[in-house]
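What follows is a single structure, written as structure tokens, with notes after it.
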Amino acid sequence: MFGHGGVKAAAEKMDAPFLGEIPLHIDVRKAADAGIPIVLANPDHDASKTYRHMAGALAAGLELGKRKKVFGVF
């Protein structure tokens, strides 16, 4: 539907971190339609693991940015 690799290439071009990609999977759609995030509906699902990895990468980046700002590096 969206192709593959475009977001990663755009992130590299913009010198922005690439957090990951989540394939469109029927289990993710079904959980979303039921109003339950896949990470709660099925924590062991590959998509759930990817979401957690991406969230951790985002949190680490935010924390790094906060430390840089506090220490005057920003």
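Write out, first by first residue and then by second, each pair whose Cβ atoms fall under 8 Å of each other, whose residues are 6+ apart or on separate chains, and whose first residue, in region 8-31, is touching a residue at least 12 places away in the same chain (Cβ under 8 Å) and closer than 16 Å to residue 58 by Cβ while the second is surrounded by 11 or more Cβ atoms within 10 Å (Cβ to Cβ) and small (Gly, Ala, Ser).
The qualifying pairs are 17/11; 17/57; 17/61; 19/57; 20/57; 22/47.
May I ask you to list the residues in region 36-61 that are in a loop (DSSP other than H, G, I, E, B) and among the hydrophobic types (A, V, I, L, M, F, W, C)?
Of everything in region 36-61, just one residue is in a loop (DSSP other than H, G, I, E, B) and among the hydrophobic types (A, V, I, L, M, F, W, C), namely 36.
Cβ contacts < 6 Å: first residue among the hydroxyl-bearing types (Ser, Thr, Tyr), restricted to region 35-61; second residue modelled with pLDDT under 90 and not in a helix (DSSP H, G or I), any location; separation 6+ or different chain. Result?
Cβ pairs passing all conditions: 50/20; 50/22.
Quick one: which residue in 64, 24, 19 is modelled with pLDDT under 90, assigned to a loop (DSSP other than H, G, I, E, B) and more than 13 Å from the chain's Cα centre (by Cα)?
The conditions single out 24.
The values are calculated or read from the model by the stated rules, or taken from the named source; none is laboratory data. Just so it is clear, the structure is predicted and the values come from calculations on it, not from any experiment. Using ideal geometry, Cβ is built from the backbone for each residue, glycine included, and neighbour counts are taken over all protein chains shown.
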